[in-house]
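Each remark here refers to the structure printed beneath this line.
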Amino acid sequence: MRNSRLILRSGLTLAAAAALPASLAGPSAAASGISVSTTGSTVSVVTSSCSLNNGSWGNASLLGSRQANFSQGRQTALSGTTISQSAAWSGVSPGTYTVVVVCSNGSTAGSQSVIVSAGSAVTAPRVPTTSSTSKSAPSRGVMGGVGGAARDYGPLTLGVGAALVGSGVVATAWFLRRRSKPYRL
């Protein structure tokens, strides 16, 4: 009876470890296609999602807390190259803002919330969004702090982490299996 419970527990642990890489890969695919940062009272956005269309890369909009859609914010045209496009706003007062980037073909490259504080440099937290042709800002919800959401890790980092977790689960299962066998000389 004791051994069957032990085997069942280790089987559940292995099943959970097998599902882990799929759950880790999901959020990274849905992450925003823009990177927003602040330095003092300047907010800047960088993306590589837009392509040149009719001489324009697209526009970026800085939305305040009382602004609900793209057209209500402070709009700036994107400038750059095929590798990277950017926009910046200076003289931004302290507060919480949402940056939305819409490419010239009408698709949304992404949106991200940013906190501008008085006199300090703050990197914006990542807010996952889906690309759509809608030009309205996403609902803002609770911004619980920067934490681990400030950086988007790539698939290589997630794969290495999943491999480490998987090897730990296999080692644990092997150890528990060895302990469950009676000791023989």
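The values are calculated or read from the model by the stated rules, or taken from the named source; none is laboratory data. Owing to the predicted nature of the structure, the values given are computational and were not obtained by experimental measurement. Neighbour counts are summed over all protein chains in view; Cβ atoms, including those assigned to glycine, are modelled from backbone coordinates with ideal geometry. Protein only, heavy atoms only, side chains kept; ligands, DNA and RNA dropped before computing areas. Shrake-Rupley method; radii C 1.70, N 1.55, O 1.52, S 1.80 Å.
Taking the criterion of being part of a strand (DSSP E or B) and open to solvent by 50 Å² or more (accessible area, probe 1.4 Å), the residues of region 70-91 that qualify are Arg74, Gln75, Ala77, Ser79, Ala88.
The rows are residues; the columns are (1) open to solvent by 70 Å² or more (accessible area, probe 1.4 Å); (2) farther than 28 Å from Ala88 by Cβ; (3) at pLDDT below 85; (4) out of contact with any helix residue (DSSP H, G or I) (no Cβ under 8 Å at 6 or more places or on another chain).
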{"residue": "Ile7", "(1), (2), (3), (4)": "yes, yes, yes, no"}
{"residue": "Gly26", "(1), (2), (3), (4)": "no, yes, yes, yes"}
{"residue": "Ile34", "(1), (2), (3), (4)": "no, no, no, yes"}
{"residue": "Ser61", "(1), (2), (3), (4)": "no, no, no, no"}
{"residue": "Gly64", "(1), (2), (3), (4)": "no, no, no, yes"}
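Pairs meeting the criteria (first residue in region 92-111 and closer than 18 Å to Leu52 by Cβ and open to solvent by 20 Å² or more (accessible area, probe 1.4 Å), second residue in a loop (DSSP other than H, G, I, E, B) and of a type in the set (Gly, Ala, Ser), beta carbons under 6 Å, at least 6 apart or on different chains) are Ser107/Ser131. State yes or no: is Thr47 open to solvent by less than 60 Å² (accessible area, probe 1.4 Å), within 28 Å of Ser117 (Cα to Cα) and touching a Cys at 6+ places or on another chain (Cβ under 9 Å)? Here the answer is yes, as Thr47 does meet what is asked.
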